[in-house]
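One structure is given here, and the rest of the page talks about it.
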Amino acid sequence: MGRRDPEEGQLPAPVKPPDGGWGWIVLFGCFVITGFSYAFPKAVSVYFKELMKDFHVGYSDTAWISSIMLAMLYGTGPVCSIMVNQFGCRPVMLIGGLLASAGMILASFTTNIIELYLTAGVLTGLGMALNFQPSLIMLGSYFDKRRPLANGLAAAGSPVFLSALSPLGQVLMEKFGWRGGFLIMGGLLLNCCTCGAVMRPLDMGMKRKMEKTQDKYEAKEMLPIGGKSEEGISTTDGSKKAKKAKKKPKKGKKLLDFSIFSNRGFIVYTISKFILVLGLFVPPILLVNYAKDTGVPDTEAAFLLSIIGFIDIFARPACGVVAGLKWVRPHVSYLFSFAMLFNGMTDICSARASNYTGLVIFCVFFGISYGMVGALQFEVLMAIVGSQKFSSAIGLVLLIEAFAVLIGPPSAGRLVDALKNYEVIFYLAGSEVVLSALFLAMATYCCLNRGKKKDPPPEKNPSGGGGSDTEEAESDVQEAEEHSSNNHQLAHSTDNAMVAASEEANHVAEEQSREGGGCPEGDGEVLARDACNTDQTVERDRF
């Protein structure tokens with residue numbers, strides 16, 4: 001996917017997504033990759049206390065490990081896009097799995113915190129980034145009609161792996177220490193290579209195969225019969241070359257397509273997503289400490305995150321099913337706005353929760369809304385830019401989100417240290433999420449929908465990526481059929497030329513047989529016999 005045609009220097013034509021078949025294996029691989037990418041930076045936090053003792057550092061120093069992982073996951077988006085467009089998804093994912101595993105294995109031999117930043121932070125974070133983005137691209141290429149459901153199921157990997165990796169990390173640390181735990185975790189990350197191996201690219205050469213079949217049929221139809229037939233064949237070849245010369249050559253795919261910034265929908269999505277990330281991750285990060293400050297025991301406070309994860313597991317696939325409904329999918333951006341609004345209002349309404357029951361209720365509603373946002377965020381982006389430009393779009397969006405991730409949670413932590421009040425932080429985070437929801441809904445209605453009504457409908461362009469994969473594939477099939485019909489018309493005209501040549505030969509033979517001159521008698525018989533054979537051949541070919 002994204003590789004150039006070695007024969008023509010052009011990108012192959014897109015193929016209609018199968019919406020099933022091997023796509024379910026690709027979906028499972030994306031499920032695993034999403035789980036590792038989002039859950040692993042959080043699951044590593046169970047080793048922080050042991051790292052603080054061995055390296056004699058504070059909690060903020062060890063917390064940078066998870067921060068660097070997330071920064072690499074988001075900040076290296078354009079690099080991943082360039083690599084995918086140049087080499088394809090499968091090779092990039094295989095390399096990413098090896099890097100992620102090597103980072104954790106090398107981290108088990110580190111002797112200071114700086115080495116831990118470079119191995120577990122930079123190397124493992126880069127490896128997971130090289131797996132996460134290509135897996136979403138492959139998922140979009142295999143699913144079109146069922147894409148909302150596929151995105152919801154793949155996004156469910158995050159809460160599932162979070163609920164599994166955290167207890168596993170605790171058990172590994174108790175039995176083998178943090179070094180043994182890192183070593184085993186590195187072995188688990190090798191499963192990313194397995195997931196990358198199953199990302200089989202679709203057969204992008206379908207159009208070329210159809211053209212080769214048509215050329216063979218033409219060669220069989222236009223077997224050389226005489227001088228006139230050769231003249232007809234040369235005429236057909238000349239017309240085909242003239243037709244190819246008239247066609248504009250397709251441009252190769254760019255390594256990073258910045259033309260998506262001319263898409264107003266992409267601009268609106270990027271701005272709203274930046275505002276969203278500023279406040280989306282703040283409540284779950286501060287929830288445990290907030291509960292402890294209100295007098296909740298440590299074990300019960302930690303259980304609040306498990307409630308969010310458990311609800312999130314079911315919320316994401318359910319939201320994917322709803323987004324795939326015929327009357328909902330055309331308005332999926334409004335459903336995404338509602339999910340963000342729901343999440344923001346949950347933060348605001350729960351800011352004054354002062355007991356454990358209130359916090360549990362907050363976790364239930366936050367898990368539902370958080371799961372809806374996670375299931376719809378990439379589906380909306382695919383719907384805006386299309387699968388052909390999705391590889392560049394997601395890289396640029398993740399880069400912009402990286403700045404929001406580095407601004408939002410750290411700023412909230414500083415405000416907590418300064419104000420000693422979690423209520424203000426929940427109000428602020430909820431307001432940011434609500435603002436992003438209102439901006440997306442209003443901009444979509446005022447700028448995008450009204451603009452579509454005023455502007456004439458754009459022409460379909462298979463290489464653009466603004467439409468669905470189904471429409472692109474159908475347009476390619478229609479083009480191939482037109483090409484085939486033109487070839488048959490040319491072959492039919494060649495047959496007519498050959499028939500005219502055979503009739504002329506018969507006429508000459510009859511005149512020679514009557515006059516008895518111009519050529520020997522045997523020659524006339526041979527000429528008549530050849531003309532008869534020519535008639536039979538032409539009639540058989542026409543049949």
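The values are calculated or read from the model by the stated rules, or taken from the named source; none is laboratory data. Model, not experiment: these values are computed from the prediction. Counting neighbours? That spans all protein chains shown, and the Cβs are built from the backbone with ideal geometry, glycine included. Side chains are part of the model used for accessible areas, which takes the heavy atoms of the whole protein and leaves out ligands, DNA and RNA. Shrake-Rupley method; radii C 1.70, N 1.55, O 1.52, S 1.80 Å.
Any idea what the dipole of segment 31-159 comes to, in debye rounded to 20, about its Cα centre with Lys/Arg Cβ at +1 and Asp/Glu Cβ at -1?
About 480 debye.
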Open item on the list: For segment 16-204, what does the accessible surface come to per residue with a 1.4 Å probe? Please give it in Å².
Closed with: 37 Å²
Task: Per residue value of the accessible surface for segment 258-451 (all protein chains in place, 1.4 Å probe), Å² - done: 42 Å²
Task: Length-normalised contact order of segment 258-451 in % [C-alpha pairs under 8 Å, at least 6 apart] - done: 43 percent
- [ ] Using every Cα-Cα pair within segment 16-204, state what percent have a distance larger than 26 Å.
- [x] 30 percent
Open item on the list: Just to confirm a number: summing +1 for Lys and Arg and -1 for Asp and Glu over residues other than residue 107 whose beta-carbon lies under 11 angstrom from that of residue 107, what do you get?
Closed with: 0
- [ ] Could you grab the relative contact order for segment 282-364? Cα pairs under 8 Å, six or more apart, rounded to a whole percent.
- [x] 39 percent
TODO: Any of 292/420; 42/420; 273/389 with alpha carbons more than 23 Å apart? Name them for me.
DONE: 42/420
TODO: Using a cut-off of 12 Å between beta-carbons, work out the net charge of the residues near residue 281 (Lys and Arg +1, Asp and Glu -1, residue 281 not included).
DONE: -2
Open item on the list: Over segment 258-451, what portion of Cα pair distances is larger than 24 Å, expressed as a whole percent?
Closed with: 41 percent
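At a 10 angstrom cut-off on C-beta neighbours, averaged per residue, how do the peptides 409-421, 118-130, 335-347 rank from highest to lowest?
Highest to lowest by the protection proxy: 118-130, 335-347, 409-421.
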TODO: Whenever you get a sec, compute what percent of the accessible area on segment 258-451 sits on carbon and sulfur atoms (1.4 Å probe).
DONE: 71 percent
